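A quick write-up on the structure given underneath.
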């Protein structure tokens, strides 16, 4: 769970992006992707039922006692996945059976029992940006700087920018070698909030390197199916 705790604070691009100067071109080692894989929820399910989301389960009570926040509430039980409420992001999210979910009022955290694979979502204000292109340009500039610094430390590191047809954008990284848990991979995606034009949704998926490509399919599913909280 150490890696999961670190991800609550890592990659907070929003806090510093407004101070970053305009980009001066794209680093040669960063390529662009325009699609995400889409898989099936059943392929990510880790259990045959939705019991892992029960607030009174011993595991969820233990995380509640540790101050993770409150277990997410299940809105609907579907085919090998559930629809849960994200109060902090004002969203309905779809999550595979066997996962867990907590919301601390600032972010929603969704993760596997081992904590080595997880997704964190924030709703972030668009104050100070002129439009969505301005958001993307400034976030990408900081992302390039981050990628350049990491590539200098480890030649195995790779980064790719992402821009989807619906305006969603971000960056995926492979072989991030930080901390005691060993290398991992991550993708950060920004999309407009489906109901509030003053907010953006920031999604961060992290996974072990050998499972990252497959779990990119789950990120694609969740982006496709997230909706405004009713």
Are any residues in region 97-114 closer than 11 Å to residue 68 by Cβ and in contact with a helix residue (DSSP H, G or I) (Cβ under 8 Å, 6 or more places away or on another chain), and if so, which ones? 100, 101, 102, 109, 111
Residues of region 191-214 that turn out to be touching a residue at least 60 places away in the same chain (Cβ under 8 Å) and within 18 Å of residue 109 (Cα to Cα), as a count: 10
Give region 147-174 a look and list any residue that's more than 17 Å from the chain's Cα centre (by Cα) and within 17 Å of residue 204 (Cβ to Cβ), or say none. 147, 150
Look through region 47-56, keep the residues that are without any contact (Cβ under 8 Å) to a residue 40 or more places away in the chain, loosely packed, with under 13 Cβ neighbours inside 10 Å and in a loop (DSSP other than H, G, I, E, B), and return whichever of them is nearest to the chain's Cα centre (by Cα). 55
For region 66-78, the count of residues that are modelled with pLDDT of 95 or more and over 23 Å from residue 193 (Cα atoms) equals 2
Only one of 150, 163 that is in contact with a helix residue (DSSP H, G or I) (Cβ under 9 Å, 6 or more places away or on another chain) and within 30 Å of residue 95 (Cβ to Cβ): 163
Just to be sure I understand, how many residues within region 75-85 are surrounded by fewer than 23 Cβ atoms within 10 Å (Cβ to Cβ) and under 17 Å from the mean Cα position of the chain (by Cα)? 2
One residue is enough: does region 142-157 have a residue meeting the conditions at pLDDT below 95, within 30 Å of residue 53 (Cβ to Cβ) and surrounded by fewer than 18 Cβ atoms within 10 Å (Cβ to Cβ)? no
Of the residues in region 177-193, those that are surrounded by fewer than 21 Cβ atoms within 10 Å (Cβ to Cβ) and either at pLDDT 95 or above or under 18 Å from residue 161 (Cα atoms) (or both) come to 186, 191, 192, 193
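Just give me the residues in region 174-190 being touching a residue at least 40 places away in the same chain (Cβ under 8 Å) and either touching a strand residue (DSSP E or B) at 6+ places or on another chain (Cβ under 6 Å) or within 16 Å of residue 89 (Cα to Cα) (or both), in sequence order.
184, 186, 188, 190
The values are calculated or read from the model by the stated rules, or taken from the named source; none is laboratory data. Keep in mind the model is a prediction, meaning the values are calculated, not measured. When we count neighbours, we look across all protein chains shown, and the Cβ atoms used for this are built from the backbone with ideal geometry, even at glycine.
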